[in-house]
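Engineer: Starting off with a structure, shown below.
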Amino acid sequence: METPIPNGVRTNHDRDSWMNGVNGGSVKREMSPDKGKGAVAGMANGGDGSAMDVDSGPQGGPVGALPAGHYSSIEDLPDEMQHIVVDILPLSRLVSRLAQFTHGKLQEHIMSLASKPVPQAVANGNANYLPTGAEDTSPESLEKKLSLLKFIQDQHSKWVKALVISEWSKKADKVSKLIDIRAHLAMKVEEINQVFFDLVNTKRDLHWAKVPSPDLKTALEILSTGEVSWMPEFGYLKPPPVTPEETETWIDNINTMLSVRLSLDEYEKTPYAFRNYTIASGRVTFRVEGEFEVDLTIGDEDFEKQFWFIDFRFLFTPAPEELSETLRMALEAKVNEVLGIDGLAGCYKYLHEFILTQKITEFWRQAVELSRARWIDTLNVERLNRAMAIQYWVNRPHSQGSKSWIILGVNSGNGPGGLADPKSPSHLALRWFRDNKEVKDFDIPLDANAISAEDLVTSAIARHVEYLLGSIYNKLLSKPRFAQRHARLSLDISQENPSDSSLTVQLFDTENATVRVDGMTGSFSLLPISPNIQEGQKRLNSSPNPAEDGPVTLEWIRVLYTIKDLTSRTRSIGWTIVRSPITPDELKNMVHSATQSREAFQPAWLRKVGWAPQWFVIMTMSLSGDQWWLVELSAQPKPGPQGGARVKTFTKIPMASAQLSLTDHFFENLTVYVSGMISQITDLRELHSKKMAYNSKVSDAYRSRLPAEIRLPTIFVRLSDMLRPRSGETRTISASWAKDFVPIHFLGVQSSSGDQDSMLASGASQPRRDSRLKVIAEARLTVTNRSKFQLLKGNVDHDVAFDPRIGQFSLKLRADMGTPLVSLLAARIRSLERLVDFVEAIRRAGKGVAPVSATLREVVFTYGNSSDSNDPSPTAAPLPGPSRQPPRAWRVKLDISKESGVDISMEKGNPHLRVLDYLKSEADSSAFENLPAWLLWSLPLFRGIEKIEELWTSTAVKNEGVFQAIHKRPSWANLRFTLSPRRVLNLDIRYQDRRGRMVWHVTRSEPTGPANEANPGTPRRSDEFDRVLQKVWHAQANGIKGLGTSAAADPEKGIEKLLSMIDAAVRSLVGTPPGPGLPLAAAAQELPGPAGGPSMQQQAQPPPSQHPPQSAAAARYAASLAQQRQQQFQQLQQQQQQHNGQNQVHQRGGAGAPLGSNSKAPLVVLD
C-alpha cells in the first residue's frame, strides 16, 4: 500500500505500544499463536513459522553477523523514517459499526420474512394445522429457510473478517512499523526514479551545448594557399550589376502585373475586406482598418502562382510597431502556406482571426494589470479558450450571492442557418451578465481600434449604475407623488464616469437627497450626511436587491427626515406634532376608505394651538402622494383592549401641486384654510340640525379676500330660514326686503388677543400660543328696492356696512373656533331686519321726521319743526304765561342692540316723555313702524298739554285749581281740571277716524259714580263748564270743527289751538264760586280718586260739515289705521279692561301728584 506521507510529520519509532486495540486499549506484543502449520525453513526472519511474527528472531541462532551500521531489530528504526498516521481508525469503531449494521439487517430480514406468504393450509384458516413430516417442507417454508441461511452466511463472513482483524490488531505496533518501512522504501524508489529522469534530461540539454570540432586541415590550407583543393570549380559567370533603371523597370512590371491580376483574375476571389489596397514598390498593400496592414507580392508572371508574404503591421493600439524576428518568421511561413492553399481569402481569414486573438490578449493583459493596481480587490479576470471574462464589484456590500461580469469573445458573424456572410466577418462581441442574469439588449461601447480594458469595464459599470438608479427612478416616477409632480425627482447619468451618476429626490421643502454608486466598489452613498440618511445608506448597501428596495428605502428616509424637520419647524409657528390618539388599524381604514391606493403610509399628527382638542390635521406620507386630512375625534374611548378616541368626521384637504414648500407661509395658509373648513363644518352641522336648506359652491367673488393658494366654498342659506320665528314668537316676519339667498364666505382667522385687523388671511403673524382663534366670515344681503334704503350710507355698525350704489349689506361675523356662525348670522339678520323696519318707518313718516344715524345698535332721528306749530288765529287771544319759544325738533334714540326689546331715550324737555313707557311697548309691538309718524302727529297735542301745565303752575301754587293729564294710551288722554272749591272737569282726547281722516276728538267725560250708575240713561246736567265750553264746542276755525257737545281738531294744525281755547275757557272760572247747576256735594264726589279714571265711552258725534286740511303723512296714516281698525277693535277693548287702573299721570313743575300706577304699560296699538 502506497500511503502518502505528509511533510513535517515527526517520527515515532521509539514507542512500545500501539493504540489500536479493542476500544482503543493498548495491545501488548506477544508471540503469534501456533495454528498447527509447519515451520517454513526459508523464513527471512526465522521465528516459529507464523506469518505474523515478522519481528521474532531465528530459533536456530544468528545466521551471521550483521554489517556495521545495521539495526538488529525492527524496534530500532532510523529517525528519518516517518511514522504513518493517516487513515488509521480504532478497532472499537469497526466492531460497533458492524454490530449496528448486523442488527439493522436482521430487523429488515425479519420484516421481510413476515411479509412473505404463509403455507396454503394456514392461509385457509385451519387452526389445527400440523405438518405431516418431521419438518415443514412446504415451498413457502423452504424459501424462508433458504433466505435466512443466506443472511446468516453473509453476516458470518463479515464477523469472521472482523475476527481476523482483531487478531491482527494484537500486533498493531509491529504492523504499523512495517507500514512505515514500506512507505519509506517506496519513497526511496521514487527518489531514485526522479534522479534517473533528471540525468536523462541533463544529457539531452547538453546536446545543444556541444561545439563541433574545428576543421583545422581546411583552415590551414585556406590560410596558406587561399584555395581549397578538394572543392570543385563550376565556372559560373557573375551576373552583371543591376542598374537603377532596370530595377525601376522591373518594379513597374511587377506593379503592372499585380494590378492586372487583382483587376482581372483575382477580382472575384479578393475578399471584401481586401478591396482597400495600394500597389507600389513591387508589392500590394492590403489595409483592413482597425486590424492590420499586410504587404504581398508575386514571384512569377503566371497568375496561377501564389502571392508571397513580405511584411505585416498592426493597425490598432496599443500594439508593437514592428514584429519580432521569431514572430515574423512564424507568421511568414504560415501566411505563405495559407496563400498557397486558399489564396487571398485564406490570407485574410487567417490574419483576421490572428488579430482578433491579439486584441483579446491585449484586453486580458490590461485587465490583469488593473486587477493588480487601481482596481485591486474589485476585479476578477479569467482567461477562457479564445475569450476572457471580467467580473466587477467582487466585494460589493449589497446583492450578496449574485455576480456581474462581462465576457469578451469572437462572434462568427454567420447569418441565419450558420451560413457565412462575406460582408459580415467574425468580430469581437460582448456578453453582459448582470446579477447572474444575461442582459440581451445593452449598448456597452466596444472600441476594438483603441483597446482599453479600463474603458470597457467603466462602460459596463456605468450601464449597471444606470440600471440601478434608473430602476429606482422609474419606480418612483410611476408613483402618483412623482408622476403628478408633487415632489422633485431628477436623474443624471454619466457614461464616462459612473461615480458622477446621481439620483436626486426631494426630502422636505428645499432639502434633497442625492444617491450615488461608487464605480469601483459598487456601494451606495447618500448625501447630505446626517444620521437618518446614513441609516438609509446602510439599508441600501445591505439590501439583497437595491433596484427593488431602493424606492421604499428612500421613502423611509424621507418620512424620518420630514417628521424631524416638522417637529423643529412647527414649534415656532404655533403648530405641534403629537402622537396618534387612535389605533393604527382605524387610521388605516380611514385612509384606505377615502383613497383607492393601498400603498403603505406613515402619518404625522399636527395640531394648531388655539383649536378645540378634538380637531387634528394628519399628513400621510407615501409613494402614492402626500395627503392632508382634517380629522375630528370623539371624546368616547374606543372599545377593546386598545383604547383611544374614535374618528367622528374626517375630510381630505385638497393641496395644489405647487405647494411643495412647507414654509412658514404654507402653514399660515394651512391655518387659515383648515380653520375655514372647521368653521364651515360646524355651520353645516348647525344648519342640518335646524333643518335649514343650504348649498355650497366655490365662488370667485371673494378670491381677492384670501391668499391665492386658498379656495374655500361659499355657503348659501335662505334669508327666510334665518328669519324663521323662534319658539314663543308669534309675530310674522317678512323677508321681502332682500333676496332670499345669503352667501357666507370665510375670510380668515384672527387671534382673540389681537385687534380686528390682525387677520391671518392677510399675512399677519401667527397668534400667541396662549390665545384662542376666532374665525372671520362675511355674509352679504342684497336688497330688492334700493330706494327704500337711501337713509343708510356707509357703516351701519362696526361690522356691518351698506353700499347704496349696489344695494348690498355686508356683515362681518366673528366667533370662536368651533362656534357656529349661523346662529350669530341669524341674530345679526334679525337686528338688521329690525333696523330696516325702523328706517322704512322713518322714511314713510314724511319730511317732519329726519334721520340722524342708523346702525344695528341704535337709530337716531328727529321729529317736529316750526312748521308743525299752528299759529294762533287773529281772533284767538294768546295764552298768558312766560314767552313761548318757537317749536324745535326733538331727538329720539332707539336702542335696538338688546334682545330683550327696544329701548327709547329722549331729550330732556321732550313733550313725549310723559308716555315713554307706552312708546317702548309700541316699539316692541307689530305697530312699531307707525311710531315715527305718530310722534310727529301727536307732538302738537303733547306740546299743547305741556303749555297748559306750565300755565296752571301758578294757579296750583295759589290753591285755586289743579290741572292733570292722564294718558291711558298714547292715543287716549284724559285732561282733568280741578277748581277750588271742588269742581272737576274731565275731557277725553282720542284719535279717531272720521270719514277716512284721522282727527283728535275732544269731548267731556264724567267719572263713574253712584248717581250715574243708578240712572245710566239719565243725561248729565249742564253746569258752568258747559257754559264756558259752548264757545269751544261751536268754534269753526282753521283745523278746528265744533260739534255742539265736543270738538274735532286736525292733528297738525288745530289741536294745539283747540287746547288753548279750552284752557282759556276753563281758566275763566278760576276764582269764581260754583254755579247753580252743580251742588257742592256733587262736585266733591267728582274729585279724582287714587285708583284711576273714567271708563271707556263711545259718544255719537254729529258729522262735521267740513274737514280741516291734512298733510300727506296724515292721510297715509289715516288710511293705514282705517284698514287695521276693524281687526284691532276687540283687542283694544280687552287691553283697556285689563289695564284700566294702570294710568300714568305726568305733572310738570310739581303741579299736583301723579295718579295711577307707574308700572310699565302693556303692548297697545295706536288707535
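Engineer: Just to make sure I understand: if all protein chains stay in place, what is the order of K210, K403 by accessible area at 1.4 Å, largest first?
Structural biologist: Highest to lowest solvent-accessible surface, that is K210, K403.
Engineer: What are the ³J(HN,Hα) couplings of segment 772-778, residue after residue, when phi is run through the Karplus curve with 6.51, -1.76, 1.60 and θ = phi - 60°? Round to Hz, x for glycine and proline.
Structural biologist: In residue order, the calculated couplings are 8, 9, 10, 9, 10, 9, 9 Hz.
Engineer: On to the next question. Treating cross-link reach as a plain straight distance, find the aspartates and glutamates whose alpha-carbon is under 16 Å from the alpha-carbon of K170, omitting any fewer than eight places away in the same chain.
Structural biologist: D16, E30, D34, D53, D55
Engineer: Under a crude label model (7 Å from the Cα following the beta-carbon direction), how far is R328 from D509 in nanometres?
Structural biologist: With each label placed 7 Å out from Cα toward Cβ, I get 7.7 nm.
Engineer: Can you compute 3J(HN,Hα) from phi for each residue in segment 143-151, using the Karplus curve 6.51 cos²θ - 1.76 cosθ + 1.60 with θ = phi - 60°, rounded to whole Hz and x for Gly and Pro?
Structural biologist: Rounded to whole hertz, the list is 5, 5, 5, 5, 5, 5, 5, 4, 5.
Engineer: Please list 3J(HN,Hα) in residue order for segment 452-464, calculated via the Karplus relation 6.51 cos²θ - 1.76 cosθ + 1.60 where θ = phi - 60°; whole Hz, with x for glycine and proline.
Structural biologist: With the stated coefficients, segment 452-464 comes to 8, 5, 5, 5, 5, 5, 5, 5, 5, 5, 4, 5, 5 Hz.
Engineer: Using +1 at the C-beta of Lys and Arg and -1 at the C-beta of Asp and Glu, which of P445, S501, Q484 has the Cα lying farthest in the positive direction of the dipole of segment 433-503?
Structural biologist: Q484
Engineer: First compute the accessible area of segment 775-827 with a 1.4 Å probe, then give the percent of it belonging to carbon and sulfur atoms. Provide the component values of the computation, followed by the final result.
Structural biologist: On the way: 950 of 2120 Å².
Heavy-atom surface of segment 775-827 belonging to carbon and sulfur, 1.4 Å probe: 45 percent.
Engineer: Considering amide H positions built from the backbone, and no H for Pro or chain starts, which residues 5 or more places from T855, or on another chain, come under 5 Å of its amide H?
Structural biologist: Close amide H contacts, sequence-distant or interchain: V860.
Engineer: On to the next question. Quick check: the distance between the Cα centres of segment 289-318 and segment 778-802, to the nearest angstrom?
Structural biologist: 109
Engineer: Now, a different point. Would you pull out the residues with amide H under 5 Å of G748's amide H, same chain only if 5 or more places away, H placed 1.01 Å from N?
Structural biologist: I776
Engineer: Using amide H atoms built in the peptide plane, which far-off residues or other-chain residues are under 5 Å from R994 H to H?
Structural biologist: The answer is V999.
Engineer: Something else: Students often check this: by mean Cβ neighbours within 10 Å, which of 177-183, 548-554 ranks highest, and how do the rest follow?
Structural biologist: On the way: 177-183: 17.3, 548-554: 19.6.
Ranked by mean Cβ neighbours within 10 Å, highest first: 548-554, 177-183.
Engineer: Keeping all protein chains in the complex and leaving out DNA, RNA and ligands, what accessible area do you get for V338 with a 1.4 Å probe, in Å² to the nearest 10?
Structural biologist: 20
Engineer: Let me ask another. In whole percent, and with a 1.4 Å probe on the protein chains, what portion of the accessible area of segment 400-532 is carbon and sulfur? Present the calculation step by step, with values, prior to reporting the outcome.
Structural biologist: Working: 3200 of 6490 Å².
Roughly 49 percent of what the probe reaches on segment 400-532 is carbon or sulfur.
Engineer: Subtract the Cα-Cα distance of S157 and N436 from 0.36 nm times their separation in residues, and report this length gain in nm to one decimal. Present the calculation step by step, with values, prior to reporting the outcome.
Structural biologist: On the way: separation 279, 0.36 × 279 = 100.44 nm, distance 5.45 nm.
Result: 95.0 nm gained on full extension.
Engineer: Oh, and also: Could you sort the peptides 561-569, 959-967 by per-residue average Cβ neighbour count (10 Å cutoff), highest mean leading?
Structural biologist: Values: 561-569: 16.2, 959-967: 20.1.
By packing density, highest mean first, the sequence is 959-967, 561-569.
Engineer: Which entries of K793/K947; K652/K691; K349/K403; K691/K788; K403/K440; K788/K920 show an alpha-carbon separation above 28 angstrom in the structure shown?
Structural biologist: Check vs 28 Å cut-off fails for K793/K947; K349/K403; K691/K788.
Engineer: Cβ neighbours within 10 Å, averaged per peptide: list 832-845, 907-920 in order, most packed at the top. Don't skip to the answer; put the middle values down first.
Structural biologist: On the way: 832-845: 20.9, 907-920: 18.4.
Output ranking for 832-845, 907-920: 832-845, 907-920.
Engineer: How big is the Cα convex hull of segment 409-499 in projection, averaged over all directions, in nm²?
Structural biologist: Convex hull of Cα atoms, orientation-averaged projection: 8.9 nm².
Engineer: Near K188, which lysines are there with a Cα under 16 Å away, not counting those fewer than 8 places off in the same chain?
Structural biologist: Leaving aside lysines fewer than 8 places away in the same chain, none come within reach of K188.
The values are calculated or read from the model by the stated rules, or taken from the named source; none is laboratory data. Computed from a predicted model, the values in this text were never measured in an experiment. When we count neighbours, we look across all protein chains shown, and the Cβ atoms used for this are built from the backbone with ideal geometry, even at glycine. With ligands, DNA and RNA removed, areas are computed over all heavy atoms of the protein, side chains included. Shrake-Rupley method; radii C 1.70, N 1.55, O 1.52, S 1.80 Å.
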